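Novice: I am attaching a structure below and will ask some questions about it afterwards.
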Amino acid sequence: MANDAAVARAKERLEAGRAEILARHRAGVGGQDVVRAISALTDLVIEELFRTIANGASSLALVATGGYGRRELAPRSDIDLLALLPKQRNPQAEAVAESLHRALWDVGLEAGYAARTLDQCVQLAREEHTIRTALLDGRLLTGDASLFKEFERSTITELEQRRVEEFIADKLSEFEARRTRFGGSVWLLEPHLKQGKGGLRDLQAALWIARVRHKVAGLGEAGERGLLPSREVNATRAARDLIFRLRNELHYSTGRHDDRLTFDNQRKLEQQLGYQDDAQQLGVEKLMRETYIALQEIARASDALIDRCAVEDSPKNQPRRVQKPQPIDNAFKLWNGRVTVNDREVFARRPADMVRLYAVAETHRALVYSYARDLLVQELQRLDLSSDREAHFEFWQLLIREGDGSALIPLHELGVIGSLFPEIQRLRARAQHSLYHVYTVDTHTVFALSRMVRLRAGAMAEEEPELTRVARAQERPLVLMLGLLFHDLGKGEGSDHSKRGGVLVQAYAQRIGLDPSDARDVEWLVLAHLRMSHLSQRRDLEDAQLIESFAKEVETVDRLEMLYLLTYVDMASVSPENWTRWKAHLLRTLFDKTHAALLAQSAGAPLQQQSLEARRDRLAGLLVPLAGEQANLAREFAKTLPARYLSITRPEDAARHLKLWAVAKRTGFAGELHRARSGETDLTLVATDRAGLLALFTAALAANGFDILGADVSSLEGGMALDTFVVREPGGAAPSQARWELARADLLKLLSGAEDPHKLVQKRLRRASWASSAAPAVETRLRVDDAGSREMTILDVTAQDRPGLLHTIADALHRANVSIEVARIATEGNRATDAFYLRDLSAAPSLGKSSKIADPKRRSEVVEAVKAAIASLAGRT
């Protein structure tokens, strides 16, 4: 039994050793050196305790399992120990095992501890594959060596010889389930360094499978046996070392077992590991770029090793004896259902076949054989495809054909696209530190290209019928695809990435000899790729001047259609949640209006628009059959609607709004929470119009935890206002009816004057349990646009989205004696990008004069009032 002095010595040794290892870590020692040092220190402490407790008389074996058995202990890792007891009951051995367990806790080692006989270990290994896995990593620390040898023979030998297929099937199932649970992508905003794709568990699973299949003991032996190319072994070792280092720092910085790179943790690691901001990139983006590259290397090596050991080399699947090769062409053949090369000189003879390999695999709906993949990677190291016009032609063919886009991802991951386009390779794994940009720049580009291929092939016709029609009608698809490929490649080269991207297009056109006319349109698409998303979400689409100006900028219907398609694919590929029904409708409205303007301009005639009365009559004709006994009210309602409402509102939504308007006419207020079929939730509020009404509406919503993702504000004739908000609860769920009822009660108090909006918001936000976000900060920027509207001043606001932000802005504008005529509200991740069309109420405008905020001093006052209000909100939340 350990005495107090022995425990004290062990504790002192442990603390001193940990301090020394931390100092080495801070000095920049590699991640693997640190985890091995922690494991060695733990070995030393445990062995000394064991010798003191056993006093030379114990017949048990002390076995390290799991990560400890692999010598991969991170600073806060659990210690997995097995006290292996002899077959025959031995009270002395059992007493030693029990005393050691207590001593470990006294010393401060958190141990996952088990004391079992050999027979118990064998039985549990047969019943549970996770225990079998832990035993694979078993390592004798001290004690009875002969007992440990018997343990190896009884468990691991049996596992490797008799249960290989069962074990591999279990590991593959576990592998896929884990990736699904933790996110099947290395490009997550907050990756999990252990359990996520490309994390440490991926490589461990692959090595477990390789061990039971081929009895290899690690990456080095996998390389020696030809299971992985030497380049891949070296790259994976370096990647694993970085992940170990990041994980070690996470444990040291947080003081706990934390393996997830949350935004908060990213900032901690950025500071502790010395990543510095520069003019091109934030320090945290440099950190994440290196992380993503490492995760990608580990994921690629793990997948390749599993593919060879679990599929290609499976006894159930022996291609050399079962099937003869099926020729495809002079370069490739099908072998056992996989595409491979005819000989090892294929890529040396014609480098363009590196591109065609995966195009052929996509055509045959087959995987690429590992030998062909390794040969491609090997040849790519010595070849440069950037000026190989034949290779670029093959890539163009891949982009414009009717495929499913699946070939693009492996071509990117293996570096083929990077060799074709150094412009993309420069941005490999370049992170964008925001909630809006889920993927790195290069991955976003490849995902966008793949989506466009599917759209043009008709694979998305059910969900996007109109966009599919436009896409399939394109006569110059290569221009569209190259515009999409280059649209973000100017990032990291200064503030205006669109302009820099245009320069890159010019250089590419000269390098490859692209048709000059096509090159001009590709360049134009890159320069203009943000225009339609900006105009559709942040400008008044009823402004005829805006539409005419944009039509002149576009010049041709061909360009408009390509920009429309590019904008959709760009927005939809930013993140899974970014493309919404609201954004789709706004973008389509801009497209339709500009299309009509272009047709009018080409005919040399002014744009013919239906009169406001005609448009109202048309909507009334659609509403009357739906209104039943309210047919007269439907006509009356239609006569109050502004042109803007008529442009962007669907008839089915207008029918719902009619009922609310009829109630509000009688009572002064009506509202409805509506869940659309698309999954979005709309909240429509109708009330007697007044100055500051938007501030009242948004106060009630903020106080009751509504996140506002989009909004449209309409003032109707007859003194009513109809505002529609796209809303959700914090965390992304659809708001409940109960939450809406609470907000409705607050709204009635605010409208009656029984509650002060500012006090209500402050009271509720103080009481709310919303945690302060660890998301990346968004710089507050305000910009006055005096040219975008003839009659109103436009204020563009970009700020970090917070509870109460829209209320804060609306309240500040109201207090500044400014009227909000149009509000275009949009949220991109945690970034609010809002636009407000304003009239100055400080002095009644003279007849015929603009009601813009004309005085520069007055504009400055308004901007400063809003800026101060946002800063005050940031300080409170």
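The values are calculated or read from the model by the stated rules, or taken from the named source; none is laboratory data. No experiment lies behind these values; they were computed from the predicted model shown. Neighbour counts are summed over all protein chains in view; Cβ atoms, including those assigned to glycine, are modelled from backbone coordinates with ideal geometry. For accessibility, only protein heavy atoms count, side chains too; no ligands or nucleic acids. Shrake-Rupley method; radii C 1.70, N 1.55, O 1.52, S 1.80 Å.
Novice: Does F447 satisfy the condition of being under 18 Å from Y508 (Cα atoms), touching a residue at least 40 places away in the same chain (Cβ under 8 Å) and out of contact with any Lys or Arg (no Cβ under 9 Å at 6 or more places or on another chain)?
Specialist: no
Novice: Across region 65-83, which residue is modelled with the highest pLDDT among those that are among the hydrophobic types (A, V, I, L, M, F, W, C) and touching a Ser or Thr at 6+ places or on another chain (Cβ under 8 Å)?
Specialist: Selected residue: L73.
Novice: Hey, any hits in region 567-589 for a residue that's more than 19 Å from E463 (Cβ to Cβ) and crowded, with 18+ Cβ neighbours inside 10 Å?
Specialist: The answer is no; no qualifying residue exists.
Novice: Any residue in region 451-463 that's closer than 8 Å to G405 by Cβ and at pLDDT 95 or above: show its pairings with residues that are among the aliphatic types (A, V, I, L, M) and open to solvent by 30 Å² or more (accessible area, probe 1.4 Å) at Cβ separation under 9 Å, as long as the two are six or more apart or on different chains.
Specialist: Every condition considered, the pairs that remain are V453/I400; V453/A459.
Novice: Would you mention how many residues in region 706-734 are buried (at least 21 other Cβ atoms within 10 Å of the Cβ) and in a loop (DSSP other than H, G, I, E, B)?
Specialist: 1
Novice: Still on this structure, I have one more. Scanning region 468-509 for residues that are at pLDDT 95 or above and of a type in the set (S, T, N, Q), which turns out nearest to the chain's Cα centre (by Cα)?
Specialist: Only one residue tops the list, namely T468.
Novice: Would it be correct to say that V63 is touching a residue at least 40 places away in the same chain (Cβ under 8 Å) and under 22 Å from A8 (Cα atoms)?
Specialist: no
Novice: Considering every residue within region 738-754, establish whether at least one is open to solvent by 20 Å² or more (accessible area, probe 1.4 Å) and modelled with pLDDT under 90.
Specialist: No; the residues of region 738-754 include none that is open to solvent by 20 Å² or more (accessible area, probe 1.4 Å) and modelled with pLDDT under 90.
Novice: In this structure, is I870 at pLDDT 90 or above, open to solvent by less than 30 Å² (accessible area, probe 1.4 Å), of a type in the set (A, V, I, L, M) and within 25 Å of D689 (Cβ to Cβ)?
Specialist: Taking the combined requirement at face value, the residue does not satisfy it.
Novice: Would region 590-610 turn up any residue that is within 25 Å of T445 (Cβ to Cβ) and either open to solvent by 20 Å² or more (accessible area, probe 1.4 Å) or not polar (S, T, N, Q) (or both)?
Specialist: yes
Novice: Does any residue of region 508-526 turn out to be outside any helix (DSSP H, G or I) and exposed (fewer than 15 other Cβ atoms within 10 Å of the Cβ)?
Specialist: Within region 508-526, one or more residues are outside any helix (DSSP H, G or I) and exposed (fewer than 15 other Cβ atoms within 10 Å of the Cβ).
Novice: Sticking with this structure for a sec: Could you tell me which residue of region 1-26 is surrounded by the most Cβ atoms within 10 Å (Cβ to Cβ), considering only residues that are among the basic types (K, R) and more than 26 Å from L140 (Cβ to Cβ)?
Specialist: Looking at residues that are among the basic types (K, R) and more than 26 Å from L140 (Cβ to Cβ), I get R24.
Novice: Output the residues belonging to region 631-663 that are among the hydrophobic types (A, V, I, L, M, F, W, C) and open to solvent by 40 Å² or more (accessible area, probe 1.4 Å).
Specialist: Matches in region 631-663: L633, V663.
Rundown of residues vs (1) closer than 20 Å to H412 by Cβ; (2) within 36 Å of the chain's Cα centre (by Cα); (3) open to solvent by less than 30 Å² (accessible area, probe 1.4 Å), yes/no style:
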residue: N342; (1), (2), (3): no, no, no
residue: F347; (1), (2), (3): yes, yes, yes
residue: R350; (1), (2), (3): no, no, no
residue: Y358; (1), (2), (3): yes, yes, yes
residue: L367; (1), (2), (3): yes, yes, no
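Novice: Here's a check for you: in region 415-471, which residue that is assigned to a loop (DSSP other than H, G, I, E, B) and acidic (D, E) is surrounded by the most Cβ atoms within 10 Å (Cβ to Cβ)?
Specialist: So the residue we want is E464.
Novice: Quick one: is E232 farther than 30 Å from R163 by Cβ, buried (at least 17 other Cβ atoms within 10 Å of the Cβ) and not hydrophobic (A, V, I, L, M, F, W, C)?
Specialist: no
Novice: Go through region 259-275 and report how many residues are assigned to a loop (DSSP other than H, G, I, E, B) and open to solvent by 20 Å² or more (accessible area, probe 1.4 Å).
Specialist: Residues in region 259-275 being assigned to a loop (DSSP other than H, G, I, E, B) and open to solvent by 20 Å² or more (accessible area, probe 1.4 Å): 4 in total.
Novice: Tell me, please, whether a residue that is at pLDDT 90 or above and under 30 Å from the mean Cα position of the chain (by Cα) can be found in region 655-673.
Specialist: Yes; the residues of region 655-673 include at least one that is at pLDDT 90 or above and under 30 Å from the mean Cα position of the chain (by Cα).
Novice: Being in contact (Cβ under 8 Å) with a residue 24 or more places away in the chain and either closer than 16 Å to R802 by Cα or in contact with a helix residue (DSSP H, G or I) (Cβ under 7 Å, 6 or more places away or on another chain) (or both) is the filter here; which residues of region 746-764 pass it?
Specialist: D746, L747, L750, L751, P757, H758, L760, V761, Q762, K763, R764
Novice: Consider S146 against the criteria (1) of a type outside the set (K, R); (2) surrounded by 15 or more Cβ atoms within 10 Å (Cβ to Cβ); (3) at pLDDT 90 or above: it satisfies all of them except one. Which criterion is unmet?
Specialist: (2)
Novice: Can we say R51 is over 23 Å from E12 (Cβ atoms) and more than 41 Å from the chain's Cα centre (by Cα)?
Specialist: Answer is no for this residue.
Novice: Pull up region 163-210, narrow it to residues that are open to solvent by 40 Å² or more (accessible area, probe 1.4 Å), in contact (Cβ under 8 Å) with a residue 60 or more places away in the chain and more than 21 Å from D258 (Cα to Cα), then point me to the one that is farthest from the chain's Cα centre (by Cα).
Specialist: E165
Novice: Can you tell which of R139, R116 is without any contact (Cβ under 8 Å) to a residue 40 or more places away in the chain and charged (D, E, K, R)?
Specialist: R116
Novice: Next question, about the same structure. Taking region 369-400 on its own, how many of its residues are surrounded by fewer than 20 Cβ atoms within 10 Å (Cβ to Cβ) and without any contact (Cβ under 8 Å) to a residue 60 or more places away in the chain?
Specialist: 9
Novice: Right, here's the next one. Which residue is nearest to the chain's Cα centre (by Cα), if the candidates are limited to region 725-741 and must be more than 14 Å from G710 (Cα to Cα) and charged (D, E, K, R)?
Specialist: In this case the residue turns out to be R739.
Novice: Yes or no: region 335-353 includes at least one residue that is outside any strand (DSSP E or B) and either touching a Gly at 6+ places or on another chain (Cβ under 8 Å) or under 23 Å from S573 (Cβ atoms) (or both).
Specialist: no
Novice: Out of region 815-835, which residues are surrounded by fewer than 21 Cβ atoms within 10 Å (Cβ to Cβ) and either out of contact with any Asp or Glu (no Cβ under 9 Å at 6 or more places or on another chain) or aliphatic (A, V, I, L, M) (or both)?
Specialist: Matches in region 815-835: R815, A816.
Novice: Can you find even one residue in region 656-678 that is of a type in the set (D, E), in a strand (DSSP E or B), farther than 19 Å from P642 by Cα and free of Cβ contacts under 8 Å to residues at least 60 places away in the same chain?
Specialist: The answer is yes, given that some residue of region 656-678 is of a type in the set (D, E), in a strand (DSSP E or B), farther than 19 Å from P642 by Cα and free of Cβ contacts under 8 Å to residues at least 60 places away in the same chain.
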